[in-house]
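Please read the structure below before turning to the comments.
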Amino acid sequence: MILNPRQRQLLDVIRVSVTISVEELAQQLAVTPQTVRRDVKQMEEANLLTRYHGGVALASSVENIDYSQRQLLHNEAKRGIAATVAEQVPAGCSLMINIGTTTEEVARALLHHQGLHVVTNNLNVAAILADNPQCEVIVAGGVVRGRDRGIVGEATIDFIRQFKVDIGIIGISSIDEDGSLRDFDIREVKVAQTIIEQSREVWLVADQGKFGRKALVRMAHLSQIDILFTDAPPSALFAQVLEEAQVKVVLTS
C-alpha cells in the first residue's frame, strides 16, 4: 500500500492522539466519515492501524508493521536523515549498521564515501554498500530473517563482539516518553544492544513517527546515545528528555 497525503496525515493524527474516533478524524482532516472509514479499512489491512468499537488506534505494540510497508512510510524523511548522517561520517572510519529501513537509506547515502569499514547484520545494507568499491563490508553470521534480510541470534552477537568500531548507526521502532528505545523482536534487540556496546560513539536515526510509538521490548535508553538524527524538532516533552540524557540532536538539512 502506497499512502496518499491524506492517509499519511491520518496516520500522523493518530500518532498524536493515540486513539481517536472516526468522526473526530473526519473533522480534523476535513473529509467525510465515509472517506475516513475507507482509508482506515485499507490501512488496517496493511497492518498500519487497528479498528475497535468506536474508534481507531495504531497497530499492536507487539507486532511491527510489515517490512514492505515500513519502506514506504516517511521515506522522504528517511532519505533526508540519511543524507545528513552521511555528511557527518568521515572517510576512513569504521561503522556498525543494524537492521532497519532508515539504516538502509544511510547505506545508500554512503555509496561515495572512501575507506569505510562496515560491520552489519543487515543483508540489504551489505548489498547496497557492496557497490562501493572503496568500502569493506563485513557481514555477521547468524539466522537470516526472510521478511527483512536481517541477521539475528547468538552467533550474530558473538561475531559482533569481535569488533570495536568508531560509530554505531542504529535504527529503532519506538522512542518512549521516558527515554526508552524499544523494538518488537527480542533477538533483534539483543544484537542492537551489542552494537551499542561495541561502538565508541552511537548515532540513532529516527524519523518523527518513532516518537511516542509503542513497542514491546526495551533495547536501550537515550542516555546511551551520543547523537540523534531526525527530521523535525522533538516536542517539548521529548526535548526535555533528550536534554536530560545529554543527546545532541541533529535535524535534517
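Under the condition of being surrounded by fewer than 19 Cβ atoms within 10 Å (Cβ to Cβ) and among the small types (Gly, Ala, Ser), which residue from the stretch 210-242 is farthest from residue 174 (Cα to Cα)? Here the residue is 236. Annotation: residue 177 fulfils all but one of (1) open to solvent by 60 Å² or more (accessible area, probe 1.4 Å); (2) more than 23 Å from residue 105 (Cα to Cα); (3) in contact with a Lys or Arg (Cβ under 7 Å, 6 or more places away or on another chain); the unmet one is (3). Counted as qualifying within the stretch 195-248 are the strands (runs of 3 or more DSSP E) with 3 or more residues that are at pLDDT 95 or above and touching a Gly at 6+ places or on another chain (Cβ under 6 Å), namely 199-205. Within the stretch 151-166, the set of residues being among the charged types (D, E, K, R) and either surrounded by 19 or more Cβ atoms within 10 Å (Cβ to Cβ) or part of a strand (DSSP E or B) (or both) comprises just one member, 166. The single condition among (1) in contact (Cβ under 8 Å) with a residue 40 or more places away in the chain; (2) part of a strand (DSSP E or B) that residue 178 does not satisfy is (2).
Within the stretch 17-72, the set of residues being open to solvent by 60 Å² or more (accessible area, probe 1.4 Å), over 27 Å from residue 147 (Cα atoms), at pLDDT 85 or above and not polar (S, T, N, Q) comprises 23, 24, 30, 37, 38. Every listed requirement among (1) crowded, with 16+ Cβ neighbours inside 10 Å; (2) in a strand (DSSP E or B); (3) free of Cβ contacts under 8 Å to residues at least 40 places away in the same chain is met by residue 169 save one, (3).
Exactly one residue out of 180, 174, 94 is within 24 Å of residue 43 (Cβ to Cβ) and either of a type outside the set (Val, Ile, Thr) or modelled with pLDDT of 95 or more (or both), and it is 174.
The values are calculated or read from the model by the stated rules, or taken from the named source; none is laboratory data. Computed from a prediction, not measured in an experiment: that's the story for all the values here. Every residue, glycine as well, gets a Cβ built from its backbone with ideal geometry; the counts of neighbours run over all protein chains shown. The accessibility values were calculated without ligands, DNA or RNA, using every heavy atom of the protein model including side chains. Shrake-Rupley method; radii C 1.70, N 1.55, O 1.52, S 1.80 Å.
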